[in-house]
1. What are the pairs with Cβ atoms under 6 angstrom where one residue, in the stretch 332-347, is within 15 Å of W399 (Cα to Cα) and in the same structural domain as S374 (by TED's automatic domain parsing) and the other, located anywhere, is modelled with pLDDT under 95 and of a type in the set (G, A, S)? Sequence gap at least six, or different chains.
2. Any idea how many residues of the stretch 128-150 are over 28 Å from F469 (Cβ atoms) and either touching a Cys at 6+ places or on another chain (Cβ under 8 Å) or surrounded by fewer than 15 Cβ atoms within 10 Å (Cβ to Cβ) (or both)?
3. For D297, all conditions in the list (1) surrounded by 16 or more Cβ atoms within 10 Å (Cβ to Cβ); (2) at pLDDT below 95 hold save one; what is the number of the exception?
4. If I ask for residues that are assigned to a helix (DSSP H, G or I) and of a type in the set (D, E), which ones from the stretch 215-229 would you list?
5. Go through the stretch 101-127 and give me each residue that's exposed (fewer than 13 other Cβ atoms within 10 Å of the Cβ) and farther than 17 Å from K69 by Cβ.
6. Restricting attention to helices (runs of 4 or more DSSP H) lying wholly within the stretch 38-132, give those where 2 or more residues are under 25 Å from I177 (Cα atoms).
7. Does T31 meet the test of being under 30 Å from the mean Cα position of the chain (by Cα), touching a residue at least 60 places away in the same chain (Cβ under 8 Å) and assigned to a helix (DSSP H, G or I)?
8. Please indicate, with yes or no, whether at least one residue in the stretch 280-292 is out of contact with any Pro (no Cβ under 7 Å at 6 or more places or on another chain), of a type in the set (F, W, Y) and assigned by TED's automatic domain parsing to the domain that holds D306.
Amino acid sequence: MNDLWRQIEALKPIVNAMLLPCNGADAKKITCFIHTLVSLGVSYHFEEKIVEFLKDAFENIEDMIIDCKEDDLYTVSVIFRVFRLYGHYITPDIFNRFKGDDGNFKKCLNDDVRGMLSFYEASHFGTTTEDILEEAMSFTQKHLELFLVGEKAKHYPHITKLIQAALYIPQNFNLEILVAREYIDFYELETDHNEMLLKLAKLNFRFLQLQYIQDLKTLTTWWKELDLVSKIPVYFRERLAEPYFWATGIYYEPQYSAARIMLAKSIILVDIVDNTFDVYGTIDEVKSLVQAIERWDSDAVDVLPDYLKVVFRTTFDLFKELEEYVSSEARSFTMQYAYEQLRILMKGYLQEAEWSNRGHLPSHEEYIEVGVASTAGEVLLAMTFIPMGDAAGVGVYEWLRSRPKLTHALFVKSRLRDDIATYKEEMKRGDVCNGINCYTKQHKVSEEEACIEFEKKTNHMSKVMNEEFLKAAKFIPLHILRPVLNYGRLADVCYKYGDGYTFAGEKIKDYITSLYVDLITL
């Protein structure tokens, strides 16, 4: 790994020079280059310079757009995507130039496949009030699908593959590390690719893979030493790759190695606790666990059944381990917030267990209120930021405690995605207290109609997240906001086409293999 890192460090100044306007590149070309860096997964090496450039360039954004050719859909779309990705509000009115007098997008765009793909990707940055981006999504999707079944697709296989990937999950809803793996293959087949940049991207990805493998070994050692399978009934799925995949999705960069391992441990623990409430513990037993969590001291285990003593002790020890990442002056605030969210999560689990035990079907509104808490989103966000140390200060937790619209939209989106993906399996095991069932009974609609409505609400929450991200980016650092967005992306990647977390399908297995097993060819 040291040799790889030395090669990466040697290439960085060469690539860094390409970001300098003094080399003759105009602002729009540099913006397109930034898009390539982001897509290849190497932008974090140049983050400060990128942020500085975009901040300065945004002051003259209108000139940059005017400087684009009238029919240059690709460049205008890339500019829109890059600035929004970095938290700058750029109006979608810039796309009006591509409409004719009839108010529809010009027919001459139909043959611009690269422009269409970039415009399609741009449309997924839309907010709740940007109708033109909704039009763009329908328009571009239709023509990209037509391209895939036409003759031209056979002549451009690498573009075809990128289009298929985008139609499956667009970049803004996909995990950064998965986008990088796909885009490296695409970029290599581009005739005008830069050899130095391609080499950097491959070396970087190989380095990350080796880091991930090392992380997984550390996680495996921890799990074996924990030895829960010999201490409590195995009512949970014993797995490490899936939780670590989630952690990789939240922050893929090498500097977050310890944070990824810590977050993976947290996800494993939350999963075990969730199964305790869902499939194993009696109501009296899980009530006693909630009470022990409320007391939060080592003596609280005395009244618990033996297996719950182990669950409580494991939870207690994990939080003590988390404390090691927090500086003394911030520890009380950050850990207090994490404890609060753990207690809220436990109460949410208990409420759902009581509903199920009584055969009670709550209203959809009641279910969502409790269901948002039981996504474990708030406690996992707390556990996400704690291992980041000083990079996530007290101000971050004050923001989280204010319950911003961004995180609320994230939790609702996650709840809805989970409900769509898991309700059939839950109904099979007799768990009727799920979101889809609550909705169908209350509104007298079919399961299919309920799923369509949930999908609409999910799409709306994605727009709310886009909107609130742009607002929050004015005062919250990007390295804090990105993990929040990445939780939303995980919901899309893992739950959009089934329950990819509980029952890892072929797609999730392929992702895991591509990251942790099949090393990229240098």
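1. Y337/A382; A338/A382; Q341/A382
2. Adding up the residues that qualify gives 5.
3. (1)
4. Within the stretch 215-229, D215, E225 qualify.
5. Within the stretch 101-127, D101, D102, G103, N104, K107 meet the criteria.
6. In the stretch 38-132, 47-58, 73-85, 113-123 are the helices (runs of 4 or more DSSP H) which contain 2 or more residues that are under 25 Å from I177 (Cα atoms).
7. Spelling it out, it is not the case that T31 is under 30 Å from the mean Cα position of the chain (by Cα), touching a residue at least 60 places away in the same chain (Cβ under 8 Å) and assigned to a helix (DSSP H, G or I).
8. Checked against the condition, which is being out of contact with any Pro (no Cβ under 7 Å at 6 or more places or on another chain), of a type in the set (F, W, Y) and assigned by TED's automatic domain parsing to the domain that holds D306, the stretch 280-292 yields no hits at all.
The values are calculated or read from the model by the stated rules, or taken from the named source; none is laboratory data. Remember, it's a predicted structure, so these values are computed and weren't measured experimentally. Cβ: placed from backbone, ideal geometry, glycine included. Neighbour counts: every protein chain shown.
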